[in-house]
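Colleague: Take this structure, written in structure tokens, and hold onto it; I'll ask about it next.
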Amino acid sequence: MIKRKDKIIRPKMEVEIAGIKLRNPIMPASGTFGYGEEFAPYLDLNSLGAIVTKGLSLNAKAGNRTPRICETVSGMLNAIGLQNVGVDVFIKHKMPFLEQFDTPVIVNFFGNTQDEYAEVAARLDGVPGVAALEMNISCPNVKHGGIVFGTDPKAIHEVVSQVRKKTSKPLIVKLTPNVTDIQVTARAAEEAGADALSLINTLTGMAVDVKTRKPRLANTIGGLSGPAIRPVAVRLVHQVVQAVSVPVIGMGGITRAVDALEFLIVGAKAVQVGTANFVDPTAMSTILDELEEFCLTEGIEDINDIIGSLVV
């Protein structure tokens, strides 16, 4: 709160992404928050800027065999394999719970072919309460030799264009960091019709048990997340902000308000919190409190005054 002539003024925390008004810039990263219901006992879902669901596919997926999570220095590796209930089960059994909250719901989704992406988007298009779709393009295109959609600008443009035709909802495209030039892939997504971009998805990594000499994940490789990747994520968000005109949502190793502030200062309009939710299910509430306290201490009346304020 900011005092002015005996009047108490709370910092304005509202931001806007692709026409969606968020009460604050804090939301969970897909895959770390289930379908929202799992975290409801630990924090008020109405306190978040948005709820981002676990990724959905056309049909249910069991995911990879275990072990599929392991800790690393300042982070973790996961190879869950995008386990999920499938889009139809989500609409029927998960969405009713989320509709009771006054918080925008962003549904993450994916596919193994362009047609699968388009079909999932089409089924979600008319669902009440879904504020936006977040498209995970870090998936292998099974019809084209297994190349990951998100690493090929041409494939990005094709699949995003096809999805764009199937939904009128705001479309957020989630970018992979495992590319040579993320500005090229970001522009491809924007040109194909993305309303916003989110980044970064996990970095590809591997860990070995030195006693057994076996990979610590049954899948051998997995996605690295957590504080260890934050400097890389901040750099990539900064580069993408310079390359596109659509809003950017930043993520990667955010555990404190100061971490979130780095992303906002380089130009992200909002941030997603991921691995920290596994450590502390109330992490986002704490980060939001710290963010408001920072604004109070620094005399910042509107969080938007911080966004894109990097001095170089």
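The values are calculated or read from the model by the stated rules, or taken from the named source; none is laboratory data. Everything numeric in this text was worked out from a predicted model, so none of it was measured. Neighbour counts are summed over all protein chains in view; Cβ atoms, including those assigned to glycine, are modelled from backbone coordinates with ideal geometry.
Colleague: Answer yes or no as to whether Thr220 is out of contact with any His (no Cβ under 9 Å at 6 or more places or on another chain), of a type in the set (Ser, Thr, Tyr) and surrounded by 23 or more Cβ atoms within 10 Å (Cβ to Cβ).
Modeller: Against the criterion (out of contact with any His (no Cβ under 9 Å at 6 or more places or on another chain), of a type in the set (Ser, Thr, Tyr) and surrounded by 23 or more Cβ atoms within 10 Å (Cβ to Cβ)), Thr220 does not qualify.
Colleague: In addition: Which of the following residues is in contact with a helix residue (DSSP H, G or I) (Cβ under 9 Å, 6 or more places away or on another chain), surrounded by fewer than 21 Cβ atoms within 10 Å (Cβ to Cβ) and aromatic (Phe, Trp, Tyr): Phe109, Phe90, Phe97?
Modeller: On the way: Phe109 fails: surrounded by fewer than 21 Cβ atoms within 10 Å (Cβ to Cβ); Phe90 fails: surrounded by fewer than 21 Cβ atoms within 10 Å (Cβ to Cβ).
Just one listed residue meets the conditions, Phe97.
Colleague: If you scan the stretch 202-223, which residues turn out to be over 15 Å from Arg235 (Cβ atoms) and within 15 Å of the chain's Cα centre (by Cα)?
Modeller: Result: Thr202, Gly223.
Colleague: What tally of residues in the stretch 142-179 results from selecting those that are of a type outside the set (Asp, Glu) and outside any helix (DSSP H, G or I)?
Modeller: So the count comes out to 19.
Colleague: Let me ask something else about it. Do the conditions hold for Val73, that is, is it touching a Ser or Thr at 6+ places or on another chain (Cβ under 8 Å) and either surrounded by 15 or more Cβ atoms within 10 Å (Cβ to Cβ) or not aromatic (Phe, Trp, Tyr) (or both)?
Modeller: no
Colleague: Here's another thing I want to ask about it. Restricting to strands (runs of 3 or more DSSP E) lying wholly in the stretch 1-120: which have 2 or more residues that are more than 30 Å from Pro140 (Cβ to Cβ)?
Modeller: Of the strands (runs of 3 or more DSSP E) lying wholly inside the stretch 1-120, those with at least 2 residues that are more than 30 Å from Pro140 (Cβ to Cβ) span 2-4, 7-9, 15-17, 20-22.
Colleague: Pairs under 7 Å by beta carbon, first residue within 13 Å of Ile9 (Cα to Cα) in the stretch 287-299, partner outside any helix (DSSP H, G or I), six or more apart or different chains?
Modeller: Listed by first residue and then by second, the contacts come to Glu292/Pro11; Glu292/Met13; Cys295/Pro11; Leu296/Met1; Leu296/Ile2; Leu296/Pro11; Gly299/Ile2.
Colleague: I need a count of the residues in the stretch 194-228 that are assigned to a loop (DSSP other than H, G, I, E, B) and either over 30 Å from Val246 (Cβ atoms) or in contact with a Ser or Thr (Cβ under 6 Å, 6 or more places away or on another chain) (or both).
Modeller: The initial filter retains those residues of the stretch 194-228 that are assigned to a loop (DSSP other than H, G, I, E, B), namely 194-195, 200-202, 207, 210-213, 216-220, 226.
Checking which are either over 30 Å from Val246 (Cβ atoms) or in contact with a Ser or Thr (Cβ under 6 Å, 6 or more places away or on another chain) (or both) leaves us with 201-202, 207, 210-213, 216-220, 226.
Adding up the residues that qualify gives 13.
Colleague: Tell me which residues, restricted to the stretch 13-28, are more than 18 Å from Leu291 (Cα to Cα) and either among the aliphatic types (A, V, I, L, M) or in contact with a strand residue (DSSP E or B) (Cβ under 6 Å, 6 or more places away or on another chain) (or both).
Modeller: Within the stretch 13-28, Ile17, Ala18, Ile20 qualify.
Colleague: Among the residues of the stretch 122-144 satisfying the criterion of being within 17 Å of the chain's Cα centre (by Cα) and under 15 Å from Ser161 (Cβ atoms), which is surrounded by the fewest Cβ atoms within 10 Å (Cβ to Cβ)?
Modeller: Let us first name the residues in the stretch 122-144 that are within 17 Å of the chain's Cα centre (by Cα), namely 130-139.
Next, only the ones that are under 15 Å from Ser161 (Cβ atoms) stay: 133, 135, 137.
Values: Leu133: 23, Met135: 31, Ile137: 27.
Checking each candidate, the answer is Leu133.
Residue-by-condition table, conditions (1) closer than 23 Å to Thr53 by Cα; (2) touching an Asp or Glu at 6+ places or on another chain (Cβ under 8 Å); (3) hydrophobic (A, V, I, L, M, F, W, C); (4) modelled with pLDDT of 95 or more:
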| position | (1), (2), (3), (4) |
| --- | --- |
| Leu261 | no, no, yes, yes |
| Leu264 | yes, no, yes, yes |
| Ala268 | yes, no, yes, yes |
| Thr282 | yes, no, no, yes |
| Ser285 | yes, yes, no, yes |
| Leu291 | no, no, yes, yes |
| Cys295 | no, yes, yes, yes |
| Ile300 | no, no, yes, yes |
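Colleague: Can you tell me which residue among Val148, Val127, Val142 is at pLDDT 95 or above and not hydroxyl-bearing (Ser, Thr, Tyr)?
Modeller: Val127
Colleague: May I pose another question? Which residue is surrounded by the fewest Cβ atoms within 10 Å (Cβ to Cβ), if the candidates are limited to the stretch 223-232 and must be out of contact with any Gly (no Cβ under 6 Å at 6 or more places or on another chain) and farther than 14 Å from Asn64 by Cα?
Modeller: Residue satisfying both the conditions and the ranking: Pro231.
Colleague: Right, here's the next one. With the requirement that a residue be of a type in the set (Gly, Ala, Ser) and either in a loop (DSSP other than H, G, I, E, B) or within 23 Å of Ile69 (Cβ to Cβ) (or both), what does the stretch 233-286 give you? Don't jump to the end; show me each part of the working.
Modeller: Here is the first cut: in the stretch 233-286, the ones of a type in the set (Gly, Ala, Ser) are 233, 243, 245, 250, 252-253, 257, 260, 267-268, 270, 274, 276, 283, 285.
Matches in the stretch 233-286: Ala233, Ser245, Gly252, Gly253, Gly267, Ala268, Gly274, Ala276, Ala283.
Colleague: Say we look at the stretch 152-193 and pick out the residues that are of a type in the set (Ser, Thr, Tyr), surrounded by 18 or more Cβ atoms within 10 Å (Cβ to Cβ) and without any contact (Cβ under 8 Å) to a residue 40 or more places away in the chain; which of these is farthest from Val240 (Cα to Cα)?
Modeller: Let us first name the residues in the stretch 152-193 that are of a type in the set (Ser, Thr, Tyr), namely 161, 167-168, 176, 180, 185.
Subset that is surrounded by 18 or more Cβ atoms within 10 Å (Cβ to Cβ): 167, 176, 185.
Applying the additional criterion that residues be without any contact (Cβ under 8 Å) to a residue 40 or more places away in the chain yields 176, 185.
Details: Thr176: 12, Thr185: 9 Å.
My answer is Thr176.
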